[in-house]
Structures are given as structure tokens and as C-alpha cells.
Amino acid sequence: MLTLIAFVVALGLLITVHEYGHYRVAVACGVKVLRFSVGFGKPLLRWQRKGSPTEFVLCALPLGGYVRMLDEREAPVDAAERHLAFNTQPLKSRAAIVAAGPVANLLLAVLLYAVVNWSGVEEPKPVLAAPVAGSLAQQVGLQGGEWVSQMDAGSDSEPVAVSSFEDLRWQLTQAALSGEDMTLWVARGEGEPAHAITLPLSTLDVRDADASLFRRIGILAPWSAPQLGEMLPGGAGEAAGLRAGDLVLQVDGRAVADGQSLRTLIREAVGPQGEPREQQWLLQRGAERLTLPVRPKPEQIEGAWVGRIGAYVGAAPAMTLVRHGPVDGLWLGAVRTWEVSWLTLKMMGRMVIGEASIKNLSGPLTIADYAGKSASLGLTSYLLFLALISVSLGVLNLLPLPVLDGGHLMYYLWEGVTGRSVSDVWMERLQRGGVAILLALMSVALFNDVARLAG
């Protein structure tokens, strides 16, 4: 139920803001707006302010919306009202009305990011867990426990301070997808002297922007103590006599550096055919040290066998409150909106030319799933989810596809350059082509949704 509510609220908000952008600029340009609709299909609710020509409608199917304006191309217009019709407006006014919807979504994202920046969010400190074996992080000498104070990507950029582990992951994502190496300034503790280490991210194949990308980079999680949390009833941990609060010192004689290392050792305790292997764990339980035999339970994930003990592994990482003032928070909201927009465009471009997998496309099922998960994590996570989807909606609608706002802007660009509008024949052809492309993209996204949820 939470997933459905969060999904409907997200769609309703983003669609309303998008259509309100069209509506507000149309009214400002002197265009008569006949209907403002959120959703399609049967009207559930309708109202009209006294003296206003606009009917506001809420419909049953909340998967879109529209603003219907007075337009000679759709119906006859009285001569006395011709100056209020959309099609009679100057080119710059028509372009502004069309662009206002996507721009409104981008401005909403700026505001949502800013609200999160102003209110503050608890995030893990930028302390690295032990790197994945064979990853770039291990190859350049990272061992785990390093504190990242600064970073920069590219030879022309200036080092910037790292506020949290999530900030580091975001910058790593951008650098990897852009094919840029990343230099980290790391120290053994906060305030300690730092030295530079460069991650050669340009050597990675980044067709899929998923969890496997960070496994290849080697930076999966912030540092946490190798301590056990709550035991699940009937799990391998409970059967072995493990308890919440146990600190794991060694597994089969190998020192355990942190929670990430312990999770890796547990995963590796199963053979390629799913055969479990017993491990000897050295624990610190209060003032007592003891050794227990532990046999992780085999579990198949994405076609590979891994070990599980049925417990939360790793203590909570050290946290820091990331909060910004009014001006900085708003500016950083705008910066993040720009970064996400540019990254979205780059990924779309890479998919078009075959340098990125179409598996990165997501549809309504994935969005609904993420909406529910983010809402369950709290208001801040939900606001960040809304900001991300709002950016995606704004960028998508600016693409030069005839059925989208960006397609209409391309018509106006043609009109501005040539002095004449696109002919009705070509308009119809382009509309059909745009619908076909959009349906193909939606089909791929829906297929990816089903594959993700089924997996």
C-alpha cells in the first residue's frame, strides 16, 4: 500500500508541476486556457473559478496530463478571441509556453534538493571499507579505513572537499560514466596528513551503470566495524551460536578488517555448485574471546552461489550531518540538478550509439518500487527520489521527439531559421515516427522493469 501511495503522490506532484508550468506561462503570454487536466480518462473531480475560462480536472488515470488552450488548429475560434489563441502568438511566446513544462520540473528538482540541503541529512562519513579483491581500488593500494578528504576528476579541475560517503559515490559515478580518472586525497584518520591516489576509471567498461560498476571500482560501502547485528530465527548464524554484538576478529585465521571484509568472507564460504564450507570464527564477546564453527547457508543470487548467515553484518558506519545555509543550499541544489541532467543526457547518448546498455532504461514498475522503498526510509529519501524523477521527466520532455515538448521546440527552431512553419504533411509523419520511437522505448523500459523485479 505504501508503494502505491508513494507512486501516486509522486506522479501527481510531478505531472501537476509540469502542466502548471505550461499553464502559468500561457496565461502570462495572454493565451486563453480552456482546461487544465491531471490524468486522462473519466473525470473524477472538476471545478472552475468564478470569472476564469479554465476548467480544472482530475481524471482517473494519473499517467499524464494536459493543458488545452484556445487554438485554431483544433476548433474554430471566434474572431473576437483570435488574439487569445495559442497558434496566433509570436514564436517566442509559443516556445516559452512549450518549454515551461520541462523547466518547471527542473526548478522543482532544484527546490527539492535545496530543501534537503537546508534541513540536513545524516550520511556516512567518507571512510572507505576494504576494497573488493581485484578491483581498481585494491590495485592502486587502498586497504580500507582511509579517510577521503578531497577529490578531483580531470586534469583541469580543482580539488573539492568530500562531505560524505554518498558525496564520494556520486562523484565516482559521474567520473566513471564520463571516462575520467579520479584522484582521491586519503589519510589514515580525520585531520591526518593526506596523500593522493588516482583511480584509473577511464579503463572501465561502463555499459551498465549498476552495482557491478562499483564492484569493479572496488568502493562499495563506508567503513564499519565487523560486528554482528540482529540474528534471524533459523539462520546459519543462530544455529552456530552467534549473537548480536559479537565482534569478529578472524575467519579461518585471516584477520577481518571491517564489515565489508566479513561480508566478502561469508559470501565466499560456498563452492561453485552451492556446496557449503565450514569456517572457524574467532570472536570477541564482551571480555571473552571464543572460537565457533560457522557454516553459511548457500543462496543463489543472479546465477551465482553465495553464503548467508541470516544476520546483519557490520556495525552502523560513523555518520555526519550534512547541512547547508540558505544560499549555499539553493546553489548546490541547482548544481546537483544540472549534474543529474547532464549525466542523464550522456547516458541516453551512450545508449543511442551503443556504448551503454539499454538495460539502464527504467519504467513505471521500477519507479513505483523505488518510490515505495524511498518513502519507507523517510521523508528525506523520498524528497531525493522525487528530485531525481523530476529531473528525468524534465530532461525526457526536452528530447527532440515530435510527440514531446522538445519535438515542438524543434518545430519552432525550424520556423525561426526558415521563416515558415513545418507543413501539415511533415508534421503528421514526424508525429507518427515520434510515437513509434516512444512506444519502443516504453516497451524496453517495461521489459527491463519485469526483468529486474523477477530477478
(message) Given the DSSP H assignment, sum -39500 (n - 2.57) over each helix run of at least 4 residues in the chain and divide by its residue total; what's the result at 222 nm in deg cm²/dmol, nearest 500?
(response) -14500 deg cm²/dmol
(message) Under 22 Å between alpha carbons: how many lysine pairs meet that in the chain, if sequence neighbours fewer than 8 apart on the same chain are excluded?
(response) 4
(message) Leaving out ligands and nucleic acids, and using a 1.4 Å probe, what accessible area per residue does the chain come to in Å²?
(response) 52
(message) Expected output is a single nm value to one decimal: the length gained when fully extending between residue 421 and residue 91, i.e. 0.36 nm times separation in residues minus the C-alpha distance. What is it?
(response) 117.8 nm
(message) Rounded to the nearest angstrom and ordered from largest down, what semi-axes does the equivalent ellipsoid of region 1-121 get from its C-alpha gyration tensor (root of 5λ)?
(response) 30, 19, 11
(request) Compute the Rg to Rh ratio over region 110-192 from the alpha carbon atoms, using the Kirkwood formula for Rh, and round to two decimal places. (result) 0.99
(message) Please compute the Kirkwood hydrodynamic radius over region 94-137, one decimal place, Å, based on all pairs of different Cα atoms.
(response) 14.4
(message) How much length would be gained if the chain were fully extended between residue 331 and residue 195, taking 0.36 nm per residue of separation minus their Cα-Cα distance, in nm to one decimal?
(response) 46.0 nm
(request) At 25 °C and 0.890 mPa s, grab the translational diffusion coefficient of region 219-258 from Stokes-Einstein with a Kirkwood Rh over Cα pairs, rounded to a whole number in µm² per second. (result) 215
(message) Using the Karplus curve 6.51 cos²θ - 1.76 cosθ + 1.60 with θ = phi - 60°, what ³J(HN,Hα) values do you get for each residue of region 326-341, in whole Hz, with x for Gly and Pro?
(response) x, 6, 4, x, 5, 4, 5, x, 5, 4, 5, 4, 5, 4, 5, 4
(request) Would you grab the residues whose amide H sits under 5 Å from the one on residue 310? Only those 5+ places off in sequence or on another chain, please, with H modelled 1.01 Å from N. (result) 236, 237
(request) List, in order, the whole-Hz ³J(HN,Hα) value for each residue of region 159-166 obtained from phi through the Karplus relation with A = 6.51, B = -1.76, C = 1.60 and θ = phi - 60°; use x for Gly and Pro. (result) x, 10, 5, 9, 8, 7, 5, 5
(message) Using a Debye calculation, one point per C-alpha and no hydration shell, please list log10 I(q)/I(0) for region 168-283 at q = 0.11, 0.13, 0.18, 0.20 Å⁻¹ in order.
(response) -0.54, -0.72, -1.04, -1.11
(request) For residue 250, list long-range residues whose amide hydrogen, built 1.01 Å from N in the peptide plane, is under 5 Å from its own amide hydrogen. (result) 256, 282
(message) Taking θ = phi - 60°, what integer Hz values does the Karplus form 6.51 cos²θ - 1.76 cosθ + 1.60 yield along region 311-319, in sequence order, with x for Gly and Pro?
(response) 7, 6, 10, x, 5, 4, x, 5, 10
(request) Can you send over the carbon and sulfur percentage of the accessible area for region 149-264, probe radius 1.4 Å, protein chains only? (result) 49
(message) Amide H of residue 35 versus every other amide H placed in the peptide plane: which residues, excluding those fewer than 5 positions away on the same chain, fall under 5 Å?
(response) 55, 68
(request) Under 14 Å from the Cβ of residue 163, count the other residues' Cβ atoms, weight Lys and Arg +1, Asp and Glu -1, and hand me the total. (result) -2
(message) Taking the Cα centroid of region 21-91 and of region 217-252, what is the distance between the two, rounded to the nearest whole Å?
(response) 59
(request) Please compute the net charge surrounding residue 187, taking Lys and Arg as +1 and Asp and Glu as -1 over other residues with Cβ under 13 Å from its Cβ. (result) -1
(message) About the Cα centre, and with charges only on the beta carbon of Lys, Arg (+1) and Asp, Glu (-1), how big is the dipole of the chain? Nearest 20 debye, please.
(response) 1100
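Peptides 343-349, 44-50, 29-35: what's the order by average Cβ count within 10 Å, highest mean first?
Per-residue Cβ counts within 10 Å, averaged per peptide and sorted highest first, yield 29-35, 343-349, 44-50.
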(message) I want the local charge near residue 133. Using Cβ-Cβ distances under 13 Å, sum +1 for each Lys or Arg and -1 for each Asp or Glu among the other residues.
(response) +4
(message) Let me understand the chain better: what is its radius of gyration from the alpha carbons, and its Dmax, in angstrom?
(response) 26.9, 92
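The values are calculated or read from the model by the stated rules, or taken from the named source; none is laboratory data. Nothing here was measured: the structure is a model prediction, and the numbers come from that model. Positions of Cβ are generated from backbone atoms using ideal geometry, with glycine treated the same way; all protein chains shown enter the neighbour counts. Remember, those area values only see protein heavy atoms, side chains included, never the ligands or the DNA or RNA. Shrake-Rupley method; radii C 1.70, N 1.55, O 1.52, S 1.80 Å.
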